[in-house]
Amino acid sequence: MAERVRVREIDNDEGSGCCGSPVGAPGLFTTWISPIRSRGHRFRWSQWRRRHQARARNSHYRRRRAAVQP
């Protein structure tokens, strides 16, 4: 699975300021790439999400059963 990354451009004060550099002008911007979240964070979030989805699914079935029974 490909890792998602955040790309941030850092202005070297050689460009035009607010609008950035023209296409094909090397050296005006430096690109810095870093992972958005650590693997541990993604794993914990994934585990939480799965637990939450299971809890929601069980609650849904429980409500549906209660609505059908007299």
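Quick rundown of the values:
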{"read-out": "Pairs, first assigned to a helix (DSSP H, G or I) in the range 37-66, second among the hydrophobic types (A, V, I, L, M, F, W, C) and modelled with pLDDT under 95, C-beta under 7 Å, six or more apart", "value": "none"}
{"read-out": "Enumeration of residues in the range 14-62 that are among the hydroxyl-bearing types (Ser, Thr, Tyr) and modelled with pLDDT of 55 or more", "value": "Thr30, Thr31, Ser34, Ser38, Ser46, Ser59, Tyr61"}
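The values are calculated or read from the model by the stated rules, or taken from the named source; none is laboratory data. Quick caveat: nothing in here was measured; it's all calculated off a predicted structure. Cβ: placed from backbone, ideal geometry, glycine included. Neighbour counts: every protein chain shown.
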